[in-house]
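The values are calculated or read from the model by the stated rules, or taken from the named source; none is laboratory data. Note that the structure is predicted; figures quoted are calculated from it, not measured. Using ideal geometry, Cβ is built from the backbone for each residue, glycine included, and neighbour counts are taken over all protein chains shown. Protein only, heavy atoms only, side chains kept; ligands, DNA and RNA dropped before computing areas. Shrake-Rupley method; radii C 1.70, N 1.55, O 1.52, S 1.80 Å.
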Amino acid sequence: MSNEVIGQEVRAIIAGTLRRPLEQVPLTASLEGGLGIDSMAMIEINIGLEERFRFAMPEMASPSEANLKTVEDLARFVARQLELQKVSVP
């Protein structure tokens, strides 16, 4: 799975969690400041990522706790996790 596809999937999960159109969730958007993702939304996003990509996300109370500032940072994090775990996603 390419990084571009992972980015689109991560954006879609965030948009769905926040109930926003995909266009309002660009890769450059700040998770906390720009999109207003709080700890409850992060839990929902983590669950969505785990279900979609079939791997366990590390526990994190907030994006900043995991040093993730933007949607792109989160997409890169997912890509790294997939690479580390050699997970095959359909």
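Brief remarks on what is shown
- Flag if GLU72 is modelled with pLDDT of 95 or more and charged (D, E, K, R): yes
- Of all the residues in the stretch 3-38, those that are open to solvent by less than 60 Å² (accessible area, probe 1.4 Å) and either of a type in the set (S, T, N, Q) or touching a strand residue (DSSP E or B) at 6+ places or on another chain (Cβ under 6 Å) (or both) number 2.
- Condition check for THR17: assigned to a loop (DSSP other than H, G, I, E, B) and of a type in the set (Val, Ile, Thr): no
- Residue within the stretch 49-62 that is at pLDDT 95 or above and exposed (fewer than 14 other Cβ atoms within 10 Å of the Cβ) present: no
- Taking (1) modelled with pLDDT of 95 or more; (2) in a helix (DSSP H, G or I); (3) more than 10 Å from the chain's Cα centre (by Cα) in turn, VAL10 satisfies each apart from (3).
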